[in-house]
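Working notes, beginning with the structure itself.
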Amino acid sequence: MAMAIKLSLILLLCLSSLLAPSFSLFEDQVGLMDWHQRYIGKVKHAVFHTQKAGRKRVLVSTEENVIASLDLRRGEIFWRHVLGPNDVVDKIDIALGKYVITLSSEGSILRAWNLPDGQMVWESFLSGSKYSKALLTVPSNLKVDLDSPIFVYSGGCLHAISSIDGEYLWKKDFAIESVDVHQLILSGGSDVVHAVGVTDSSQFDTYEIDVKNGGLLKHTSASFPGGVYGEILPVSGDRFVVLDASRSVVLLITVNNGATHLQQTHVSDLIHGSSENTVILPSKLSGIFSLRTDSCIVFVKVTDEGKLNVMEKVDKTVVVSDALALSEGEQAFALVQQGDSKIELSVRLVHDMSSNHLKETVKMDHERGFVHKIFINNYVRTDRSHGFRALIVMEDHSLLLLQQGEIVWTRDDGLASVIDVTTSELPVEKIGVSVAKVEHSLFEWLKGHMLKLKGTLMLATPDEVAAIQQIRLQSSQKNKMTRDHNGFRKLLILLTRAGKLYALHTGNGRVVWSTLLQSLRTTSQQQCAGLKLRQWQVPHHHALDNNPSVLVVGRCGLSLTSPSALSIVDAYTGKELQNLGPAEHSTVQVITLPFRDSTEQQLHLLIDADKRAHLYPTTPEAASIFQRESENVYWYSVESEAGILRGYGVKKTHSSEYSFEARNLWSIVFPAESEKIIATVTRKPNEVVHTQAKVIADEDVMYKYISKNMVFVATVSPKASGPIGSATPDESVLVVYLIDTVTGRILHRMTHLGSQGPVHAVLSENWVVYHYFNLRAHRYEMSVIEIYDQSRAENKDVLKLIVGKHNLTTPVSSYSRPEVTTKSQSYFFTHSVKAISVSSTAKGITSKHLLIGTIGDQVLALDKRFVDPRRSLNPTQAEKEEGLLPLTDALPIIPQSYVTHAFKVEGLRGIETIPAKLESTSLVFAYGVDLFYTRIAPSKTYDSLTEDFNYALLLLTIVALVIAIFVTWVLSERKDLQDKWR
Amino acid sequence: MMCVSVSANEMEKGKGVLGSRKWAVEFTDNSSTRDILDPPGFTRASPDQDDSSLTRQKKDAEANWKSQKAWEVAQAPFKNLMMMGFMMWMAGNTVHLFSIGITFSALWQPLSALQGVGKVFEPYKDNKVDLLAPKLLYIALNLGGMLLGVWKLNSLGLLPTHASDWVSSLSPAHEVEFSGGGAALY
């Protein structure tokens, strides 16, 4: 049998060597097995650009640091820029009607983008002396010496910047006065910019500054000993409101002819009843401000005499938009009221609050949650009245455009913030498909193949070529909702930051279902967030009637000790089967145990902040399984701050049936003065390894040290834990460890002098590949460590192996302290890296590809053979035959091996690989702001025909051969007969 | 007496012909008509019975010829062996379609020849001819051919003679302990 395997492997090698060595695909293959979805994330701010001529668009900035221009008609992205993870967009606006101005990085970077195509026009770096809030004011009709300045307050300074080229015009430093500016106001027509701020939170200051040169024209101040809470909100040109520090008094500030008047009004006078947690909403409505308390929202009108009149009281869930200036100097704003499976949008005019200018009821999907934000825009109807469109941001981060009581378009932008990914198999196909359907599909099938045949024989017209491509792309096969033989069709289940669960079909990436998890919904009392997504029930044999389900672990609160929220969700329907939250305990770690109960539910251990283990599911059966296995169950914790690794076991005495005390077994304390943990990586728990032996040149064998209980830890000297360049090569040392997590034994330790993080690593089988920066060489490096088991190395006697006298199949215990040996090698690598992953296949026979998420947001496939520590400069003949490559100092980057080909997965955060049933193939899902899915075959698809294999041609050949055989048979018969009569 | 005299070589080459032939009429043969009475006046008496010395001589000559032929047939695989060796040398030691084909034919030919030892020597069966020695030679030569094939198989690296052949698909040993965990989730 061994021979047969060997033979087949050799044949396989021959076959693969015959094929081209590249893994690229042809242009017409794009979209056949991959899909790419572009998102922007939760919208923070939106600016409409709806001039009469040209395309109507809305410019948005999002929480994923994306600035984008969206088509108002269909919601598509015109252009989009993803800024770096630290380059948070603070403000966005339009200048000169053609530039999009963005202020980012806490007000230190100001950029202008060309509105139609999104190209950057200019960029200015603003330096400040201290941290402050960032403010941006783009005056619409201010001209100073043929220039329109933009005013930016950031870093304690007020900057005036030319909107044409981004040049500095002037700068006014407020840091000396130690004033914290809250608002910049430009009253229309005047040449004065007003800066309103607070000094030491007890004194109001208003500055009038000349727009031409930044000169201080006037400064008034008034002290208020009580202090303030929150932001100052301008009500009109010379009136401002703010809450005092106790949040019980509204201060009305009037600036009049150089004097500042303060006027106090108790919130309880405005709102009768409870007035806890009062805040002034930041919506700027002229003459009106809105107050929100725990119970309601009130609109308060400030009269000319300075009196506060409560105009209306609405429910606290109402969302208020900013005021929108209409043509006749009027202002309108929108209110959204949440109803059950519908929302009520009402637009009101500021001067006439009593009635709704417009009221629309829109049906809203229950799974989108509450409305979080609303932006409105108006258009002039044919009868010259005003129409309104509203852009709303929902709780699940989706973006909708409402117009005339209908949803014009929706964008599921929650998918831009995926936290965790898991997969689920689709249901098995039921027997009993109707005949008509089969016939139809048969006809279609034949037609498609005839077309393909035409294509291969170069007979197809351009129209037919297009039709062929269409058929290939929209193959109904790949989008079916049932399991397939090859295991390509699956459900990708994604947990997003909004607490929503999405199921995407791998065929075309469509959303099959989505659920806003009730247990993870953020309420006013607590902020909930998802942490982990695990497979809970994977029906195999005796529970096939059950649907598979997933476990979502979340946390309600911000600290580690906050209670956790658990829910179990059906993977086929998205229904929340069980809502176990908020549980009494917190969760800091989720451990999937390798045990299952009789209903195929996976046992899970949730470790809380007090190091107690909680067993799920909470059934007596699970408890008995765990009791039986608890002696061999361990866990460990990595305390990066303290620099400690601790290992735990289960204590015999337990407090309750489902929660267990931990006993500390071992600790590894890294010296705080020289080492700081920056990365830990373990093997994927579901990884399958085919063999423990590695056959090397000359038929020799090495035995891999394959342990799931191995963790890779990288530490750097504390000085070098900052960004690259913050430490000299002499100061920075990178140390990597391979640690057994059962016994705490350090299997291997290696020091890289003059190197520093960030470290990205991947651990698989018996090897770890990690990426870091070499300060001495000024280049990124990748290193590989392979670990081999010495205690099994003597198993080389063929006779003993034949009769089975070897210790290779005996169970291994970490306590037997197997002797290990390692091999390692380092190479230069051109790119900096965002994530590393490795391909995974069903049986682990296929060779591996490293999947490297590069800084350019692409995914590069690198053959594992390139990072083989046995590479040498001059490999021997035997080593060459084995496939060992000659050593080079740098790893090659083959442009064809980008699995994302022409796409970019903007803001790439993770790469997930899922084995398909077909051994040669691994499914790859990369996520960030964008989502990308494809299939890869690291050793080529040796076990299947390619997608575009021409069955029609094969059929035709067979038919032709059969006919030929028949004809020749008849001919030969005839000839024989003639011969016999001769 | 029915006689199908086909040499070993011919037999191999003409297997298809033999197999496809459904029937044959041997006009010289008369044994099949034994059941029917001879026509009156016809005496079944072979002429060789008349002259016994002449017959013996003839018989001796035939036996001689048969044993000679048998030895020839027994030595025939040697030529094959030489040719096979030459082809193997030509094929080289790398695994590809040609070398595998040659090796397998080198293994198959002696095997099929050994299966048909009795048939090959059947025409030379005679009471007076000792067929054991040629048979043994024939078998030995074919075994030699087979050995050559096995040696070639080994030199191609297709024989499980190394430890790697026995452990390459050995699945990893079961681990007693399980450990999980990691850094605290944020």
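A few points about this structure:
- Among (1) in contact with a strand residue (DSSP E or B) (Cβ under 9 Å, 6 or more places away or on another chain); (2) open to solvent by 30 Å² or more (accessible area, probe 1.4 Å); (3) of a type outside the set (Ser, Thr, Tyr) - the single one residue A:115 does not satisfy: (2)
- Hits in region A:331-369 (condition: out of contact with any Ser or Thr (no Cβ under 6 Å at 6 or more places or on another chain) and surrounded by fewer than 17 Cβ atoms within 10 Å (Cβ to Cβ)): A:339, A:340, A:341, A:351, A:352, A:353, A:354, A:355, A:361, A:363, A:365
- Among the residues of region A:162-209, those that are hydroxyl-bearing (Ser, Thr, Tyr) and modelled with pLDDT of 80 or more comprise A:162, A:163, A:168, A:199, A:206, A:207.
- A count restricted to region A:609-629 and to residues that are in contact (Cβ under 8 Å) with a residue 24 or more places away in the chain and either within 21 Å of residue B:175 (Cβ to Cβ) or surrounded by 21 or more Cβ atoms within 10 Å (Cβ to Cβ) (or both) stands at 8.
Each row is one residue, and each column tells you yes or no for (1) in a strand (DSSP E or B); (2) of a type in the set (Gly, Ala, Ser); (3) modelled with pLDDT of 85 or more.
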| residue | (1), (2), (3) |
| --- | --- |
| A:514 | yes, yes, yes |
| A:525 | no, no, no |
| A:535 | yes, no, yes |
| A:544 | no, no, no |
| A:550 | yes, no, yes |
| A:555 | yes, no, yes |
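- Across region A:600-623, a minimum of one residue is classified as farther than 23 Å from residue B:177 by Cα and within 14 Å of chain B (Cβ to nearest Cβ).
- Residue A:753 being surrounded by fewer than 17 Cβ atoms within 10 Å (Cβ to Cβ), away from chain B (no Cβ under 14 Å) and farther than 23 Å from residue A:911 by Cα: yes
- Test: residue in region A:646-653 that is surrounded by fewer than 19 Cβ atoms within 10 Å (Cβ to Cβ), part of a loop (DSSP other than H, G, I, E, B), on the phi > 0 side of the Ramachandran plot and not hydroxyl-bearing (Ser, Thr, Tyr): no
- Qualifying residue in region A:953-973 (condition: touching a Lys or Arg at 6+ places or on another chain (Cβ under 6 Å) and either under 30 Å from residue A:496 (Cβ atoms) or surrounded by 14 or more Cβ atoms within 10 Å (Cβ to Cβ) (or both)): no
- Residue match in region A:582-590 (condition: modelled with pLDDT of 90 or more and either more than 13 Å from chain B (Cβ to nearest Cβ) or part of a strand (DSSP E or B) (or both)): yes
- Assessment of region B:121-140 against the conditions (out of contact with any Pro (no Cβ under 6 Å at 6 or more places or on another chain), surrounded by fewer than 20 Cβ atoms within 10 Å (Cβ to Cβ), in a helix (DSSP H, G or I) and within 14 Å of chain A (Cβ to nearest Cβ)) yields no matching residue.
- Top-ranked residue in region A:66-80 [being of a type outside the set (A, V, I, L, M, F, W, C) and touching a residue at least 60 places away in the same chain (Cβ under 8 Å); ranked as nearest to residue A:419 (Cα to Cα)]: A:80
- The set of residues in region B:153-174 being of a type in the set (Val, Ile, Thr) and either more than 7 Å from chain A (Cβ to nearest Cβ) or part of a helix (DSSP H, G or I) (or both) consists of B:167 alone.
- Exclusive hit being open to solvent by 20 Å² or more (accessible area, probe 1.4 Å), out of contact with any Asp or Glu (no Cβ under 8 Å at 6 or more places or on another chain) and either among the aliphatic types (A, V, I, L, M) or facing chain A (nearest Cβ under 7 Å) (or both), set B:181, B:144: B:181
- Cβ-Cβ under 8 Å pairs, at least 6 apart or on other chains, region A:727-747 side of a type in the set (S, T, N, Q), far side in a loop (DSSP other than H, G, I, E, B): A:728/A:775; A:732/A:717; A:732/A:754; A:732/A:775; A:741/A:709; A:743/A:817
- Within region A:822-840, being among the hydroxyl-bearing types (Ser, Thr, Tyr) and either in contact with a His (Cβ under 9 Å, 6 or more places away or on another chain) or within 14 Å of chain B (Cβ to nearest Cβ) (or both) holds for A:822, A:824, A:826, A:832, A:839.
- Conditions (1) over 37 Å from the mean Cα position of the chain (by Cα); (2) open to solvent by 50 Å² or more (accessible area, probe 1.4 Å); number of the one not met by residue A:917: (1)
- Selection within region A:478-512: residues that are part of a loop (DSSP other than H, G, I, E, B) and touching a helix residue (DSSP H, G or I) at 6+ places or on another chain (Cβ under 6 Å). The member of this set that is farthest from residue A:917 (Cα to Cα) is A:498.
- Unmet requirement for residue B:150, which otherwise passes all of (1) more than 14 Å from every other protein chain (Cβ to nearest Cβ); (2) open to solvent by 50 Å² or more (accessible area, probe 1.4 Å); (3) not in a loop (DSSP other than H, G, I, E, B): (1)
- Residue check, residue A:874 over 30 Å from the mean Cα position of the chain (by Cα) and within 14 Å of chain B (Cβ to nearest Cβ): no
- Condition check for residue A:649: in contact with an Asp or Glu (Cβ under 9 Å, 6 or more places away or on another chain) and within 12 Å of another protein chain (Cβ to nearest Cβ): yes
- Just so you know, in region A:689-725 the residues that are hydroxyl-bearing (Ser, Thr, Tyr) and more than 9 Å from every other protein chain (Cβ to nearest Cβ) include one that is farthest from residue A:811 (Cα to Cα), and it is A:721.
- Members of region A:798-812 that are under 24 Å from residue A:698 (Cβ atoms) and either of a type in the set (S, T, N, Q) or facing chain B (nearest Cβ under 7 Å) (or both): A:798, A:801, A:802, A:807, A:808
- Within region A:920-944, the set of residues being polar (S, T, N, Q) and more than 20 Å from the chain's Cα centre (by Cα) comprises A:920, A:921, A:922, A:939, A:941, A:944.
The values are calculated or read from the model by the stated rules, or taken from the named source; none is laboratory data. None of these values were measured; they are calculated from a predicted model. Cβ: placed from backbone, ideal geometry, glycine included. Neighbour counts: every protein chain shown. With ligands, DNA and RNA removed, areas are computed over all heavy atoms of the protein, side chains included. Shrake-Rupley method; radii C 1.70, N 1.55, O 1.52, S 1.80 Å.
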